1. Looking at B:ALA140, B:ALA165, B:ALA118, B:ALA196 in this structure, which one is at pLDDT 90 or above and within 30 Å of A:ARG48 (Cβ to Cβ)?
2. Here is a check on your reading of the model: is A:GLY251 open to solvent by less than 30 Å² (accessible area, probe 1.4 Å), touching a residue at least 40 places away in the same chain (Cβ under 8 Å), in contact with a strand residue (DSSP E or B) (Cβ under 8 Å, 6 or more places away or on another chain) and not β-branched (Val, Ile, Thr)?
3. Out of curiosity, is B:SER159 within 14 Å of another protein chain (Cβ to nearest Cβ), hydroxyl-bearing (Ser, Thr, Tyr) and in a loop (DSSP other than H, G, I, E, B)?
4. Counting only residues that are hydrophobic (A, V, I, L, M, F, W, C) and open to solvent by 10 Å² or more (accessible area, probe 1.4 Å), give me the helices (runs of 4 or more DSSP H) lying completely in the range A:154-234 with at least 2 of them.
5. Filtering the range B:163-192 down to residues that are open to solvent by less than 10 Å² (accessible area, probe 1.4 Å) and of a type outside the set (A, V, I, L, M), which residue is farthest from the other protein chains (Cβ to nearest Cβ)?
6. What is the residue count in the range A:134-153 for residues that are exposed (fewer than 15 other Cβ atoms within 10 Å of the Cβ) and of a type in the set (A, V, I, L, M)?
7. Out of A:ASP95, A:ASP67, report the one residue that is out of contact with any Phe, Trp or Tyr (no Cβ under 9 Å at 6 or more places or on another chain) and either not small (Gly, Ala, Ser) or not assigned by TED's automatic domain parsing to the domain that holds A:TYR190 (or both).
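The values are calculated or read from the model by the stated rules, or taken from the named source; none is laboratory data. Keep in mind that this is a model prediction, so the values were computed, not measured. Glycine gets a Cβ as well: all are built from the backbone with ideal geometry, and neighbour counts include every protein chain shown. We work out accessible area using only protein heavy atoms, side chains counted, and drop any ligands, DNA or RNA first. Shrake-Rupley method; radii C 1.70, N 1.55, O 1.52, S 1.80 Å.
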Amino acid sequence: MQNAVELKNVSCVFGTVHAVDHISLEVLAGEFFSLLGPSGSGKTTCLRLIAGFERPSSGSIVLLGKDAASLPPYAREVNTVFQDYALFPHMSVLDNVAYALMVRGIGRLERHRRALELLEMVKLRGMEKRRPAELSGGQRQRVALARALVNKPRILLLDEPLGALDLKLREEMQIELKSLQRQLGITFVYVTHDQSEALSMSDRVAVFNRGRIEQLDSPKKLYEYPETEFVARFVGSANVLAGKELGLDGGKFAIRPERIRIEPGRISGTNSLVGRLIDVHFLGSQTRYEVTLVNNSTIRMTVVAPAGGEAGLEAGSEVTLTWNPGSLRKLREGEA
Amino acid sequence: MRSSSSIGLKIAAGMGLLFLHFPLLIILLYAFTSEDKTYKFPPPGLTLKWFAIAASRNDIWEALFLSVKVAAAATLIALVLGTMVAAALYRSSFFGKDSITLLLILPIALPGILTGLALLTSITRAGLDPGFLTIVVGHATFCIVVVFNNVVARLRRMSYSQIEASMDLGADALQTFRYVVLPNIATALLAGGMLAFALSFDEVIVTTFTAGKEETLPIWFLSELFRPRDRPVTNVVAIFVIAVTLLPILLSQRLTQSFEEMHGGGK
């Protein structure tokens, strides 16, 4: 199958800042692909390069098999849902959604019919006469979505579309977006800084850091097999230890908090460390323990265990941490 | 305690307003006086005959038409050039941008007498005859400023992603300007345009230098002071000028307000 998006060795330099630094990635047709990273990591610039709002300093951009690096935004078969929605305040909801059809010269009746279809799809029928200022945040988000989909793009770019919504609405919209993407069968390229959002929705995720891709994998692989310290810490949480602390060869290792067993007292054995419990946080279904190692108190470990096993585990007491050696992940050397 | 101090303030404000507007009331009153030489109080009688006399005098009509034509032309030039400059400057940052903005705004801050003198020197140097065109150019120098200020402020408040969204949805630059930018800045253009019109309509200083033998309405007033003939006629024309300049200013204020209401004042 043809790739929806291909970036080859793309760089984007603003002044002396490499916002995007030699990035290559391929997005498959029909895929839900996320660009995940902290702010300033280059993920939004990467999206803007695909949309055509930025020109690459070097490298090639191929959209649906066509070279697009020099095409202006209006000549690309992609549409964008903006972070601030970018609705036109002087137009009704209906005219906003019909805008792409209007500028293509499609007649009023036809474009209103199509726009109403889209409004139906995003459950906003009856709102078509309102102005964007008269809608709630969630409704504006749906208008932005309908407006971007009215042209039947084969690739939809979403720039932190749920960032401005409250938590409950965000979770609802995550489910809706995902099912919409399945139903339409089009490619979604989704920018987010929220790792749980990226993990729950995506087929594949590219983790960005300092203008580069640290790792590109399925959510499960990213979580189970982080390749760098940055990914281990940014996707979920992780304990990262130098090999010598564990009696292993050099390099660094990561282990997820829920893969460590915590027991009261000092128990000797392999694949274990003795520490001092400094804090216990009850989180409802789980309990989180903060531990410093006895032979190196600068190292802090976090352990998460199902609630109910707190007996004998009090702040200040000595504890033993054990794990299955298969849960340790050796990390690639690189900047953190 | 609080209420008494606010009464004091109210009185002060009232006195200030009276001081500002009492002379205008005098003009209003003496447009109706039946006596034509002195400003005796109270006027010996009231009459509407000066309105008829004013309407029948050709020199007034000519001056009025010239002023309207000049103001319209200067406003038109200001709208086009002011918008273009605003569009060029509001988002980009480059070396010397602040100096360019300053140079642009200078004509309205600079004493008109300097602008007038400079223009006259240039006009005679270029071998042009002072007349309609030179008045328009002179007025355009400060009309551009008010349009630029209005438009640039509006553009800064408009989120740029609207323009990107329009391009993203398939609109080229021209369509984006027509359907997205223009409606966003329309009331700013109208407000700036009306202000520019009002500024041009009552401009005296720059006009004196650039008008040559032409007589705009304000110049007509000045010349009328030196050869008083039917003095209340000038008051009648003054009322007319007040109306013509006040209305656009009130309207432009309204327009700016209604835009802010529509956009919730935020952003």
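1. Answer to the selection: B:ALA165.
2. Yes, satisfied.
3. Answer is yes for this residue.
4. Those helices (runs of 4 or more DSSP H) span A:167-184, A:229-234.
5. So the residue we want is B:GLY192.
6. 0
7. Residue meeting the stated conditions: A:ASP67.
Residue-wise test of (1) away from every other protein chain (no Cβ under 11 Å); (2) crowded, with 16+ Cβ neighbours inside 10 Å.
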{"residue": "A:LEU35", "(1), (2)": "yes, yes"}
{"residue": "A:GLY52", "(1), (2)": "no, yes"}
{"residue": "A:PRO73", "(1), (2)": "no, yes"}
{"residue": "A:LEU94", "(1), (2)": "yes, yes"}
{"residue": "A:ARG104", "(1), (2)": "no, no"}
{"residue": "A:ARG111", "(1), (2)": "yes, yes"}
